[in-house]
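Bear in mind that the values in this text are calculations on the coordinates, not laboratory data. Note that the structure is a prediction, hence the values are computed from the model and not measured. All Cβ positions, even for glycine, are placed from backbone atoms using ideal geometry, and neighbour counts span all protein chains on display.
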């Protein structure tokens, strides 16, 4: 178990390194953040290592001057099929469309003389180099999800009372049946299963959003979602149990408890962890969805994976802490469960405050 946890931390700290040669052939890419075809080209370039091999620079198509510039280039090249992106300039060659770029880019770059910016200057844009931002810098800027948002949402998820209730019931069940040693291993295996389950679900949602393209208003949408989650939790602070609760639905609880009580060994606890994770989705997925929505604006899979690892490590940390407290400090599960019940409103208040701050920030920075 220690080796598994150590391995997860190693993956978390892993960060890809990229080195750039002093002299590289230049290409100029017209793109837009909302364009799914642009994302396909971006993913292909990353997979092939072209960003390291060449100096691929980008002009934002949403800026009026860049749209006008590309329009002039299309006209000069007698492109009859209309203005469109992605479009890339290599010397005096224009390639438009994701598939033409993917098929023809490398061949064109191999014969390039490095005159792309000279070609752009012919269209009256001598200062265009001042506006071009390298893809590396743009990518880093786009990946700059404030860490406090990620950690805040993860702590809000971790404070959810239903996730803690599930673990306490599991530990009490195994400890009664098999003793403290089995309960320790079962608690850790259960936590690992929840961690892996939510990590896989997160990756699936992230890839699904990316497959359909990302709206430029997605950040605003997840900001609104975060505030809705905050308000729902504040409802549980003042009117707990009315209308709905931000926890496992009451009708699901008997079945979930029946499943948990069957966990009599570490491996069964691991398997049950995957099943129980489905019960936790309604109450413990709100903050996660907000973070996934924000991460879906990015296209760097390595950094996204590291951030998801960090989020889910924070999410399961209370489960690990409770398990260790049970083993090393003889913490009574009945007392812990009563403590949880006595502080339900406080836990919902913590989640509400954090998600309100996250939502306000995301909306403020988008408007």
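Data overview
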| quantity | calculated |
| --- | --- |
| FRET efficiency estimate (nearest 0.05) - Cβ-Cβ, residue 147 to residue 107, R0 45 angstrom | 0.60 |
| Extension reserve of the residue 346-residue 329 stretch, reckoned as 0.36 nm per residue once the Cα distance is removed | 3.6 nm |
| Residue 72 paired with residue 268, simple spin-label distance in nm, labels 7 Å along Cα-to-beta-carbon | 7.5 |
| Full-extension gain in nm, residue 224 to residue 122, via 0.36 nm per residue minus C-alpha separation | 32.2 nm |
| Semi-axes of the equivalent ellipsoid for the range 264-367, Cα gyration tensor, largest first, Å | 30, 20, 12 |
| Two-site FRET efficiency, residue 339 against residue 48, from Cβ-Cβ distance with R₀ of 41 Å, rounded to 0.05 | 0.15 |
| Fully extended contour minus Cα-Cα distance, from residue 83 to residue 364, at 0.36 nm per residue | 97.9 nm |
| Exposure proxy ranking, count of Cβ atoms within 10 Å, fewest first, for 123, 328 | 328, 123 |
| Approximate spin-label separation residue 64-residue 180, in nm, with each point projected 7 Å along Cα-to-Cβ | 7.3 |
| Among 52-58, 332-338, the order from most to least packed when residues are scored by Cβ within 10 Å on average | 52-58, 332-338 |
